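I have placed the structure first, in the form of structure tokens, so that the comments after it can refer back to it.
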Amino acid sequence: MKAVMFTAAGLVAGLAATGALAATCDGAAGLAVPGVTLTGATPQPAGEGLPAHCIVTGEMGRRTGADGRDYALRFELRLPDDWSGRFLHQFNGGNDGEVKPALGMWSNLPEGAGALARGMAVVSSDAGHDGAANPEDGLAGSNVFGQDFEARRMYGYGAVAMLHPAALALTEAYYGRKPDFVYGAGTSNGGRHAMVAAERMPEAFDGLLAGYPGFNLPRAALQHALDVQSFRKVGPTLAESFTTDELAFVSRAIAAACDGLDGLEDGMVFDLAGCQAAFDPETMICAEGQNSDCLPAAKVAALETIQAGPRGADGKALYSDWAWDPGIAAGNWRFWKLESPVPPWEHKPIIAVMGAGSLAQVFTTPPTPVEGSPDKLEAFLMGFDIAAEAGKIDAVSAAFPESAMEVMTPPEADNPTLAGMQAAGGKLIVFHGQADPVFSILDTVAWYERLGANNPASAEFVRFYAIPGMPHGPGGNAADEADFLGALMAWVEEGRAPGALIAKVRPDNEEAAANAGATRPLCPYPGFATYSGGDPALAESFVCK
Ligand SMILES: [Ca+2]
């Protein structure tokens, strides 16, 4: 049987003078790739900054799970009429479970810098489960798939491995030739997918982009239990444990100790390492009789416990510690730590239980079925004995032959070499917000430093950028918009290794209003931007130190 059939006559209209290959959607639904069932092919006219393209939809691997639920990997592949010859696998965030539009666009990228807008073919999938399926049993909805091992495995690494060759075969069949360059990119859980792919599928990608990656996701989920248990010691509810004003005070205290370390008091702390040494949280404790611009000792202690990260019975870190950064005042930080809406209760007063369903049902073995109501989810986290139960993220059973850590993380996450990627000639760019409340930038720093120690040549194919003030994704008082994808393309295609990238304060970011319009260099870690004189709004007034 032929692996790829090219069925539609006239599909390929011909090569344009530029080298771009033109094609149309006619007949795309007739493309045949083993294991793929196509469900549609819809032409999309040019508009909203996107070129005319064809949306091919389909699914793979339909099956009934061990839990009796139906599973399939659903995807969409967007194929521009004027194809640049590039392909991008879009890795999605959260719990997956949804075929996000295959635009290859993330809000850190400047307008027009997304993959489809650049003429790339882009594929996106739900990673093998339907998160919208509302289970009638009342269990935490988007995490229910975690009770089926194969669905966990697909979410962890199986879906990318299954879809990637099939999507490439469809792309080749559509255009009549293979892509010149193959990319993969994502943020959060999608950044995790990228880092997993760098180790598990190093030959499949010429370039990978990992934004604020949750590459130790099960460990990071332990933090949710620590957060809830610590916050509830200082408040009757999570949302009341710290007020917006109190977190703004913490932000000011951090800035007072750290902002000037980079030579300019602009609310952005570029000297990440210097700040961790310079800031003493206990200076925030109210003196006797003081009741403003300070915090009660118990609240400072709660923050210190949270920032230290979860610990085992032996006192050793189970995940990572967390960076002090003024971005702690960002709305996104509060959203993730203190006021997460949980569908379908998004209109109710809100509690932070975002990670509860995942820790219960996806990241521990055996899974613990938890009802999806906010109080049940919070109760699960309150009752989770971190020191005693953390081992469940490494546990296996007959029904779960690989642990959550094995399924979710890059195999060498604790001791990376990226030797496979090095041999294959791939490139990897990682970026992470210093105030990320979901995945600690210090975990990414530790990973990067270990990589550099294990494999000094990694400097030739891996770059890491820390973004001051940025929480989990764009936001905060941050210059968080930069063309990471363009930098990756220049590295892969022209051999131009990325140095400082110019980042912009996004005009719609009200939290960065004080720096509206400003640009800053993002320096390859461990370098950081330092003010060297001149207009403080301009990146050229900074050098990488
Ligand atoms: Ca500064």
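What follows is calculated from the coordinates using simple rules that are stated; it is not laboratory data. All values derive from a computational prediction rather than experimental measurement. As a convention, Cβ positions derive from the backbone with ideal geometry for all residues, glycine included, and neighbour counts pool all protein chains shown.
Looking for something touching a residue at least 40 places away in the same chain (Cβ under 8 Å), within 16 Å of the ligand (Cβ to nearest atom) and surrounded by 24 or more Cβ atoms within 10 Å (Cβ to Cβ) - is there at least one such residue anywhere in the range 480-498? Yes, the range 480-498 contains at least one residue that is touching a residue at least 40 places away in the same chain (Cβ under 8 Å), within 16 Å of the ligand (Cβ to nearest atom) and surrounded by 24 or more Cβ atoms within 10 Å (Cβ to Cβ). On inspection, D508 passes the criterion of being exposed (fewer than 15 other Cβ atoms within 10 Å of the Cβ), charged (D, E, K, R) and either assigned to a strand (DSSP E or B) or within 22 Å of the chain's Cα centre (by Cα) (or both).
Taking every residue in the range 254-277 that is free of Cβ contacts under 8 Å to residues at least 24 places away in the same chain and closer than 14 Å to S532 by Cα and pairing it with any residue that is part of a helix (DSSP H, G or I) and near the ligand (Cβ under 7 Å from one of its atoms), at least 6 positions away or on another chain, the pairs with Cβ-Cβ distances below 6 Å are E265/D259.
Among the residues of the range 73-89, those identified as under 22 Å from the mean Cα position of the chain (by Cα) and of a type in the set (A, V, I, L, M, F, W, C) are L73, F75, L77, F87, L88. Being farther than 23 Å from C523 by Cβ and within 16 Å of the ligand (Cβ to nearest atom) is a property that does not hold for R232. You will find that of A132, A169, the residue that is outside any helix (DSSP H, G or I) and closer than 30 Å to E402 by Cα is A132 and no other.
Of the residues making up the range 518-538, just one is surrounded by fewer than 18 Cβ atoms within 10 Å (Cβ to Cβ), in contact (Cβ under 8 Å) with a residue 40 or more places away in the chain and within 26 Å of the chain's Cα centre (by Cα), namely P526. No other residue among A273, A204 is surrounded by fewer than 20 Cβ atoms within 10 Å (Cβ to Cβ), over 22 Å from I393 (Cβ atoms), within 16 Å of the ligand (Cβ to nearest atom) and not basic (K, R) apart from A273.
None of L226, L247 is more than 11 Å from the ligand (Cβ to nearest atom) and either touching a Lys or Arg at 6+ places or on another chain (Cβ under 7 Å) or of a type in the set (S, T, N, Q) (or both) except L247.
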